[in-house]
Amino acid sequence: MSGSGQTHDDHRQWAETSHCRVSAARHLGGFAVLELIAPRIARRAAPGQFVMVTVPGEGYLLRRPISLFSAEADCIALLVEARGRGSERLTRLEVGDVVDVAGPLGSAFPTQGVTNALLVGGGIGCAPLQYLADELAAAGAHVTAALGFRDFRAARAVGAFTIERLSVATEDGSVGRAGTVLHLLAALDVAPGTTVYACGPTPMIAAVQRWTFHEGLRGYVSLEAHMACGTGSCHGCVVDTARGKLRVCSEGPVFRLDEVTP
Amino acid sequence: MSDRRPPAPETDLSVRLGPVELAHPLVDASGTLDVLEYARRYDGDYLADFPYAAYVPKTVTADPRTGNPPPRVTETPSGVINAIGLENPGVHAWIAQLGEWAALRAPVLVSVGGNSPEQYAAVISALEAHLAAAPPGTVPDVRGYELNVSCPNVVGGLQIGADPTATAEVVGACRAATARFLLTKLTPNVRDVTEAGAAALGAGADGLSLVNTFKAMVLDRDTLRPFLGNRTGGLCGPAIKPIALRMVAEVARAFPDTPLVGMGGVMTGLDALEFIACGATAVAVGAANFTSFEAPQRILAELRDEVAARGFGTVGEARGIALRA
């Protein structure tokens, strides 16, 4: 994408709509892992990219931007959290339902040349990290993940992850270590030159950004924003960055960790 | 990519918007579709396959604008509220990019914004100078302008459109800067929408487009504070369609032979036909562009079916039906 030379140059975006059948649905508390048959999306996708999903039924207008949880062969998977009316409806999708999906969209996590990767996620922000871990591991990188959740209910999402070196924290101490991902990071032995990948709520991004600078590391962050078009037209999803206001849907969602101002 | 059956080819959907021949009545509403962004996200040649009969780009102003602080957009019941704030690179950077979409197959109506008559005219003068000097094939087919005097999200925008005298001053300055087709886009945030319409036409506008968004507010449900960074925004989508239809009908009745672009919550072909029945010559599609890439093709196929199902030979036969006594 123009102006974002540090992120994937070779990822492809696609605005056309695919009608995708739900081939598997796993419900984890307020989350759902939805597997969709979407060969054209799966073949183009890269970790960090997202799709725009039409909420089935009357009374929903805008599509919901949802990052790719995985993409393999002819299928993509989405990890969806019931947060508002629309996303709650998506978590109730069942096997056999058909949903309209556009994508892949947005920038991808750069992975080339990465040998040590530290993935840091908070809440639903953990979603793009599984796909990233899969690709990094396939390329031979050493991948460690630290995921943080608010409470026991939110930590149900951990069940969707299959990252080998995975540590979990909950703020209420019900699952994993009591505290935040920052407590997990402090306990890790991080190799020099490790690339940090972060996605989560704004306070977490700010904290991870400070920690990364302090450790002398570099990294990337995936941001989320309210979107209307998801395809670069409306300028509704801008965030402030060191490069000025940039669109999360076009220049992002993946940015360099040192250029965002959470 | 429409799921519908192929439209009946014998139904004539072509219309004349003033001097501009349109293959069908549908155009995009300014700020809801960017041809270059879609071209980057499409396997085919989007500039050749462009589905609308004319292209209205996002509003361009004399100087660059960074727009409003985020968040800028969210969904409301049957609607969308936005406060983008006319973010754009300014007319000179905008002109420098024209070559990238020069091959667009549709005529272009350039949306112009500003805070003063001089700023509006400066945009038009800069573009006219460029068009006059540009070698063939290096610029898109610019046929006219839409003066956006009705953005509710910038200082100056709405105030111009709500004030007939200020509207006339902007239109007059732009009329002096171009001989091309000149639309003025009216705000619905007024007591009588025909007053600014009369001022625009009296100052030399060739036609009117309406409505822009309704000034509105949405709260963060946790904090009960305004959700949008700009506090207020403009409401569009199906929620505003009945009000927009009423206003288009009022304007069509007041200025019967004037080219009109009607808009406000058009999601289906029937919605578009309703605006034509209220007197619109052409119909702009806005929020529906956010719902899918294929929305314009679907709405066009539905419009063709609606026109044919009613036994009209041309779409023009439906124009103004709702205005009859």
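State, to one decimal in nm, how far the label point of B:T138 lies from the label point of B:A176, with both points 7 Å from Cα in the Cβ direction.
Going from the B:T138 label point to the B:A176 one covers 3.0 nm.
Per residue, how much accessible area does region A:17-105 show when a 1.4 Å probe rolls over the protein heavy atoms, in square angstrom? Let's see the in-between values first.
Details: 3290 Å² over 89 residues.
The answer is 37 Å² per residue.
So, by mean Cβ neighbours within 10 angstrom, what's the order for A:41-47, A:84-90 with the highest one leading?
On the way: A:41-47: 21.1, A:84-90: 16.9.
Packing proxy ranking, top to bottom: A:41-47, A:84-90.
Would you look at the GNM of chain B, springs on alpha carbons closer than 10 Å, and say which of B:G144, B:G313, B:G204 moves the most?
B:G313
For chain B, modelled as a Gaussian network with Cα springs under 10 Å, which listed residue fluctuates most, B:V218, B:V261, B:V80?
B:V218
Given a 1.4 Å probe and every protein chain left where it sits, what share in percent of the accessible area of region B:114-239 is carbon and sulfur? If you can, show how the numbers build up before the last one.
Numbers: 2690 of 4970 Å².
Answer for region B:114-239 is 54 percent, counting heavy atoms of protein chains only.
Report the equivalent ellipsoid semi-axes for region A:1-121 in whole Å, largest first, defined as the square roots of five times the eigenvalues of the gyration tensor built from alpha carbon atoms. Walk me through the numbers on the way to the answer.
Values: eigenvalues 128, 51, 39 Å².
Semi-axes, largest first: 25, 16, 14 Å.
What are the ³J(HN,Hα) couplings of region B:281-290, residue after residue, when phi is run through the Karplus curve with 6.51, -1.76, 1.60 and θ = phi - 60°? Round to Hz, x for glycine and proline.
Result, rounded to whole Hz: 7, 10, 10, 9, 10, x, 4, 4, 5, 7.
Averaged over peptide B:81-87, how many Cβ atoms belonging to another chain are found within 10 Å of each residue's Cβ? Write down the numbers at each step before the final one.
On the way: counts 1, 5, 1, 5, 2, 1, 6.
Counting other chains' Cβ atoms within 10 Å and averaging over B:81-87 gives 3.
Considering only DSSP beta bridges with both partners in the protein assembly as shown, what is the antiparallel share in %, to the nearest 5?
50
Quick one: what does P(r) look like for region A:116-256 with 5 Å bins over all Cα pairs, in whole %?
Pairs per bin, as whole percents: 2, 10, 19, 21, 20, 14, 10, 3, 1.
For A:N116, which sequence-distant residues (separation of 5 or more, or a different chain) have an amide H within less than 5 Å of its own amide H, given hydrogens modelled in the peptide plane?
A:H142, A:T195
Anyone know which of A:H214, A:H226, A:H235 comes out most mobile in the 10 Å Cα GNM of chain A?
Of A:H214, A:H226, A:H235, the most mobile in the Gaussian network model is A:H214.
May I ask you to give the average projected area over all directions of the convex hull of the Cα atoms of the protein assembly as shown, in nm² rounded to one decimal? Intermediate results must be reported in sequence, preceding the final value.
On the way: hull surface 105.6 nm².
Value for the protein assembly as shown: 26.4 nm².
How well do other chains shield peptide B:30-41, expressed as the mean number of their Cβ atoms within 10 Å of each residue Cβ? The partial results should precede the final answer.
Details: counts 0, 5, 4, 5, 7, 1, 3, 10, 6, 1, 9, 13.
Mean shielding by partner chains, rounded to a whole number: 5.
Ignoring ligands, DNA and RNA, what percent of the 1.4 Å accessible area of region A:17-105 is carbon and sulfur? Walk me through the intermediate numbers first.
Details: 1540 of 3290 Å².
Of all accessible area on region A:17-105, carbon and sulfur atoms account for 47 percent.
Out of residues 5 or more away from B:G144 or on other chains, whose amide H comes under 5 Å of its own, with H placed 1.01 Å from N in the peptide plane?
Answer set, sorted by chain and number: B:V108, B:V110.
Please list B:S116, A:S250 from largest to smallest accessible area, probe radius 1.4 Å, with all protein chains kept in place.
Working: B:S116 25, A:S250 0 Å².
Result of the area sort, largest leading: B:S116, A:S250.
Need one value for A:53-62: mean number of C-beta atoms belonging to other chains within 10 Å of its residues' C-beta atoms.
Values: counts 0, 2, 1, 0, 0, 1, 3, 3, 16, 10.
If you average over the peptide's residues, the count of other-chain Cβ atoms is 4.
Taking both sides together, what accessible area is buried at the B/A interface, probe 1.4 Å, expressed in Å² and rounded to the nearest 100? Can you show the working numbers first?
Details: alone 13530 and 11690 Å², together 22340 Å².
Using a 1.4 Å probe on protein heavy atoms, the buried area is about 2900 Å².
In chain B, if the dipole is taken from +1 on Lys/Arg beta carbons and -1 on Asp/Glu beta carbons about the Cα centre, which of B:P140, B:M267, B:L104 is farthest to the positive end?
Looking along the dipole axis, the top candidate is B:M267.
The values are calculated or read from the model by the stated rules, or taken from the named source; none is laboratory data. As the structure is a prediction and not an experimental result, all values here were calculated from the model. Positions of Cβ are generated from backbone atoms using ideal geometry, with glycine treated the same way; all protein chains shown enter the neighbour counts. With ligands, DNA and RNA removed, areas are computed over all heavy atoms of the protein, side chains included. Shrake-Rupley method; radii C 1.70, N 1.55, O 1.52, S 1.80 Å.
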